[in-house]
Amino acid sequence: MTVYNFNAGPAILPPEVLSQAQEELRDYNGVGISVMEMSHRSKEFEAINSEAEARFKRLLGIESGYRVLFMQGGASSQFSTVPMNLLPADRVADYILTGVWSEKARDEAQKLGQVHIAASTADEQYRRIPRQDEIQLSENPAYVHITTNNTIYGTQWQTLPNVGEHLLVADMSSDIMSRPFDATKFGVVYAGAQKNLGPSGVTVVLIREDWLDRAPKSVPTMLRYATHAKNNSLYNTPPTFGIYMLNLVLGWIEAQGGLAGMAVHNQRKASAIYGAIDGSNGFYTGHATLDSRSQMNITFRLPSEALEKQFVSVAQNAGMIGLAGHRSVGGIRASVYNAMSIAGAEALASLMREFAGQNS
Ligand SMILES: *Cc1c(COP(=O)(O)O)cnc(C)c1O
C-alpha cells in the first residue's frame, strides 16, 4: 500500500532524494565511505557544503549581500540567537504574534531586550493573520519579527507586511522554499530543516552580510552569526549528513522548477483539500479564516471529537498517516509540505468526501 505522510515535522522527504541517499549511503561518489564517515574538512564535504549555500541563494535569486549558515539547535535556538545578535540595549524589536511559535520567539526576545508587540490575533485563537491596518510599529524597530506560516493553526501570510524601510526577521520553518519571496525585505530568515528542507538537526539561517557584526562582545562564540559566516558553517563539526540531505532537497526543488514551480504544485494540493472542506456543507470546518489559509498545514474540525478520532483511524488504514492535529488545538491537521505529491493531496480529499458522505 502507498503510504502518504502528512506528519507536521519531521516530515515527508522527496522519494527521489531518499533513493539517491540510499544509493550513496555506503560509498559516496566513489570515495568508498559514507558521507557520515567523512571529515567535515574533506574536499568532498566542503563541496557539498558550498553547493548547498549556492543552491539556496540561487533559488532565492540573490547573488550577493547575504550569507546562508547551517547551524544547530533548531528554530527554537534562533528565538534567542536573533535578539542576542541583533537587538542592541538601546533599541526595540517589534514582534507580530500569529501563534505559539511567535509567542515563543517573543518570550526569548523579552528576556534579552525591549520588545514591542506590533499586532496579535491571539484573542481570535490565531485564526487569521493581522491586516496591514492593524500593524502598529514602534518608532524605529531594530527589526520586525514574523512567523510566515503558523504550523499549529494552519495560517500563512499571503503577502508580506509592509514595514516601510525596516527589515523583517522571519521564522520560515514550515513554509521556506514553498513559494517565491523577496529576500531583500529580510535581515534574517531562519528555519529548522525538518519540515521543508531535510531531516531534523540542521537549522538554516539566511542573513544580510551587513548584519553579521552587530553582536555585542558578550555573546558567546558559538552563538555569534559572524563565527559561522567567517568559517562557512565549519567552525565546529556541523550536522554533515543533514547538510548533505538538505543539498539534495534543494537540488530536487530546482529540478521541480524552483520556487515558482513549487508554488504551483503547492497551490494545487492545497486547493484539492480546501475544496473538500468547502464542499462538505459544514461537515468539515476550517480553523483558519479564508484570507489566511496556509498552503502547508491545513487544519480543520469534524462535528465531534469521536468523529475526528474515527477519521484519523480510517485514514491511517488507508495509508494516510500523521493527520491528528497538534495537541494544543485538536482536530485534524494535514501537512502538505513541498515533498507531498498531488496524488497524496487528492487521495486525502477524496477520503474526506467519502467520510463526510457516510457520516453526515
Ligand atoms: C516546528 C517549528 C518550530 C520549532 O522548530 P525546532 O527546530 O523544533 O526548534 C519553530 N517555528 C515554526 C514555525 C515551526 O513550524
If you take every residue apart from Gln295 with its C-beta less than 12 Å away from the C-beta of Gln295, what net charge results, scoring Lys and Arg +1 and Asp and Glu -1? +3
Whole-number value, in Å³ per residue, for the convex hull of the alpha carbons of the chain is 132 Å³
With a 1.4 Å probe and all protein chains kept in place, how do Arg293, Arg327, Arg127 rank by accessible area, largest first? Arg327, Arg127, Arg293
Neighbours of Leu212 by Cβ distance under 10 Å: Lys/Arg at +1, Asp/Glu at -1, summed charge +2
Based on DSSP H runs of at least 4 residues, each adding -39500 (n - 2.57), what is the mean residue ellipticity at 222 nm of the chain after dividing by all its residues, to the nearest 500 deg cm²/dmol? -11500 deg cm²/dmol
Roll a 1.4 Å probe over the protein chains and send me the accessible area per residue for the chain in Å². 43 Å²
Projected area, mean over directions - the range 224-309, Cα convex hull, nm²: 9.6 nm²
Of the heavy-atom accessible surface of the chain (probe 1.4 angstrom), what whole percent is carbon and sulfur? 48 percent
Provide the net charge surrounding Ala93, with neighbours chosen by a C-beta distance below 15 Å and charges set as Lys +1, Arg +1, Asp -1, Glu -1. -2
Could you check what % of the DSSP bridge pairs in the chain are antiparallel, to the nearest 5? 55 percent
Please report, in debye to the nearest 20, how large the charge dipole of the range 258-359 is about its Cα centre when each Lys and Arg carries +1 at its beta carbon and each Asp and Glu carries -1 there. 160 debye
Take the eigenvalues of the Cα gyration tensor for the range 116-164, scale each by 5, and report the square roots as semi-axes in whole Å, largest first. 19, 12, 10
Could you please put Met36, Met222, Met84, Met320 in sequence from largest to smallest accessible area, using a 1.4 Å probe? Met36, Met222, Met84, Met320
Most to least packed among 55-64, 148-157 [average Cβ atoms within 10 Å]: 148-157, 55-64
Out of Ala54, Val188, Pro199, whose Cα points farthest toward the positive end of the dipole of the range 15-255 (charges: +1 Lys, Arg; -1 Asp, Glu; placed on Cβ)? Val188
Could you tell me which of the pairs Lys111/Lys185; Lys104/Lys195; Lys104/Lys230; Lys57/Lys185 are separated by over 20 angstrom between their Cα atoms in the structure shown? Lys111/Lys185; Lys104/Lys230
Where only alpha carbons of the range 170-257 are counted, the Rg and the Dmax (Å): 13.9, 44
For Phe241, solvent-accessible area (1.4 Å; no DNA, RNA or ligand), Å²: 60 Å²
Could you rank the peptides 281-291, 95-105 by their average count of other C-beta atoms within 10 Å per residue, with the highest value first? 95-105, 281-291
Answer in debye to the nearest 20: the dipole magnitude of the chain about its Cα centre, from +1 Lys/Arg and -1 Asp/Glu charges placed on Cβ, is 260 debye
Output for the range 167-274: trypsin sites (Lys or Arg not before Pro) sitting in coil per DSSP, at most 13 other Cβ within 10 Å, listed by number, reads Lys217
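The values are calculated or read from the model by the stated rules, or taken from the named source; none is laboratory data. Keep in mind the model is a prediction, meaning the values are calculated, not measured. Virtual Cβ from ideal backbone geometry, glycine too; neighbours counted across all protein chains shown. All accessible areas refer to the heavy atoms of the entire protein, side chains included, with ligands and DNA or RNA removed. Shrake-Rupley method; radii C 1.70, N 1.55, O 1.52, S 1.80 Å.
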